[in-house]
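One structure is given here, and the rest of the page talks about it.
The values are calculated or read from the model by the stated rules, or taken from the named source; none is laboratory data. Values in this document were obtained by computation on a predicted structure and should not be read as measured data. For neighbour counting, all protein chains shown are included, and Cβ atoms are generated from backbone atoms with ideal geometry for every residue, glycine included.
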Amino acid sequence: MTGVDVMFIGVGLLTTGASWLAVLSRSVLYAALWLVVTLLGLAGCYLVLGAELVALVQVLVYVGGVVVLVLFALMLTRSGVGGDVQTSVPHRVFAGVLSAGVAVLLAVALTASVGWEARTIAASDSAEIGADIFGVWVWPFELLSLVLLLALVAAVAVARGAGTTESVSEGSPT
């Protein structure tokens with residue numbers, strides 16, 4: 001076992017622990033913050049494996065975009081500040097067991113399809129990946145940005161709607 005294997009196992013265990021805490025957290029805000037740690041740990045796994053481009057995309061798109069948008073929406077709608085998720089213990093245990101099952105299923109499927117052998121990536125593969133991202137896969141990235149924009153606009157609309165409802169219900173003029 002090499003040092004890279006030990007680092008990968010360490011980062012993988014950190015990522016797995018953070019994902020369990022994200023699933024089993026009672027607060028929506030804490031779950032979103034644990035999701036940040038999980039996605040950063042996944043980017044760390046990519047770095048250990050030598051896929052710097054994928055790690056950078058992981059941090060920029062998911063941590064920098066999706067999770068920040070989720071946190072912004074939680075803060076804007078005031079649902080994440082003090083609100084706990086009201087679920088029973090069996091539901092949370094089921095969610096934890098289900099996430100562990102998915103992790104095991106992914107590990108078995110990836111091990112069966114790829115194996116444990118080391119893979120080498122040629123320099124030409126990087127050019128193909130870049131051409132695919134900015135050629136074939138540019139539309140999914142554009143659609144993702146549109147979905148994020150719509151979610152942000154919806155969060156602002158919900159927050160403004162909640163603010164006007166509170167002022168009307170208190171009897172103050174609007």
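Among the residues of the stretch 157-173, is there at least one that is modelled with pLDDT of 80 or more and either loosely packed, with under 11 Cβ neighbours inside 10 Å or touching a strand residue (DSSP E or B) at 6+ places or on another chain (Cβ under 6 Å) (or both)?
Within the stretch 157-173, the first condition is being modelled with pLDDT of 80 or more, and the residues that meet it are none.
Looking for residues that are modelled with pLDDT of 80 or more and either loosely packed, with under 11 Cβ neighbours inside 10 Å or touching a strand residue (DSSP E or B) at 6+ places or on another chain (Cβ under 6 Å) (or both), one finds none in the stretch 157-173, hence no.
Of everything in the stretch 88-103, what is among the hydroxyl-bearing types (Ser, Thr, Tyr) and under 14 Å from Ser19 (Cα atoms)? Give them in sequence order.
Step one: filter the stretch 88-103 for residues among the hydroxyl-bearing types (Ser, Thr, Tyr), giving 88, 99.
Scanning the stretch 88-103 gives a single hit, Ser99.
Residue under question is Thr38, and the condition is that it be surrounded by fewer than 19 Cβ atoms within 10 Å (Cβ to Cβ), of a type in the set (S, T, N, Q) and either free of Cβ contacts under 8 Å to residues at least 24 places away in the same chain or part of a helix (DSSP H, G or I) (or both); does it hold?
On the way: surrounded by fewer than 19 Cβ atoms within 10 Å (Cβ to Cβ): no; of a type in the set (S, T, N, Q): yes; either free of Cβ contacts under 8 Å to residues at least 24 places away in the same chain or part of a helix (DSSP H, G or I) (or both): yes.
Considered against the rule, which asks whether it is surrounded by fewer than 19 Cβ atoms within 10 Å (Cβ to Cβ), of a type in the set (S, T, N, Q) and either free of Cβ contacts under 8 Å to residues at least 24 places away in the same chain or part of a helix (DSSP H, G or I) (or both), Thr38 comes out as no.
Quick one: is Ala55 at pLDDT 85 or above, surrounded by 15 or more Cβ atoms within 10 Å (Cβ to Cβ) and either assigned to a helix (DSSP H, G or I) or among the charged types (D, E, K, R) (or both)? Quick ask: steps written out before the conclusion?
On the way: at pLDDT 85 or above: yes; surrounded by 15 or more Cβ atoms within 10 Å (Cβ to Cβ): yes; either assigned to a helix (DSSP H, G or I) or among the charged types (D, E, K, R) (or both): yes.
Against the criterion (at pLDDT 85 or above, surrounded by 15 or more Cβ atoms within 10 Å (Cβ to Cβ) and either assigned to a helix (DSSP H, G or I) or among the charged types (D, E, K, R) (or both)), Ala55 qualifies.
Checking Ile129 against (1) within 21 Å of the chain's Cα centre (by Cα); (2) modelled with pLDDT under 75, which single condition isn't satisfied?
Result: Ile129 passes all but (1).
Would you point out which residue out of Ala95, Ala103, Ala151 is touching a helix residue (DSSP H, G or I) at 6+ places or on another chain (Cβ under 8 Å) and more than 20 Å from Leu13 (Cβ to Cβ)?
Values: Ala95 fails: more than 20 Å from Leu13 (Cβ to Cβ); Ala103 fails: more than 20 Å from Leu13 (Cβ to Cβ).
Result of the check over Ala95, Ala103, Ala151: Ala151.
If I go through the stretch 105-116 residue by residue, how many of them are within 18 Å of Thr2 (Cβ to Cβ) and modelled with pLDDT of 75 or more? Lay out the reasoning, then the answer.
Going residue by residue through the stretch 105-116, those that are within 18 Å of Thr2 (Cβ to Cβ) are 111, 114-116.
Retained after the next criterion (residues that are modelled with pLDDT of 75 or more): 111, 114-115.
Qualifying residue count, the stretch 105-116: 3.
Scan the stretch 1-15 for residues that are hydroxyl-bearing (Ser, Thr, Tyr) and surrounded by 16 or more Cβ atoms within 10 Å (Cβ to Cβ) and report the count.
From the stretch 1-15, those hydroxyl-bearing (Ser, Thr, Tyr) are 2, 15; that's our starting set.
Next cut, surrounded by 16 or more Cβ atoms within 10 Å (Cβ to Cβ) only: 15.
Here the count works out to 1.
Determine, yes or no, whether Leu143 is at pLDDT 75 or above, assigned to a helix (DSSP H, G or I) and either of a type in the set (Lys, Arg) or loosely packed, with under 11 Cβ neighbours inside 10 Å (or both). Even if it seems obvious, please write down each step before you answer.
On the way: at pLDDT 75 or above: yes; assigned to a helix (DSSP H, G or I): yes; either of a type in the set (Lys, Arg) or loosely packed, with under 11 Cβ neighbours inside 10 Å (or both): yes.
Considered against the rule, which asks whether it is at pLDDT 75 or above, assigned to a helix (DSSP H, G or I) and either of a type in the set (Lys, Arg) or loosely packed, with under 11 Cβ neighbours inside 10 Å (or both), Leu143 comes out as yes.
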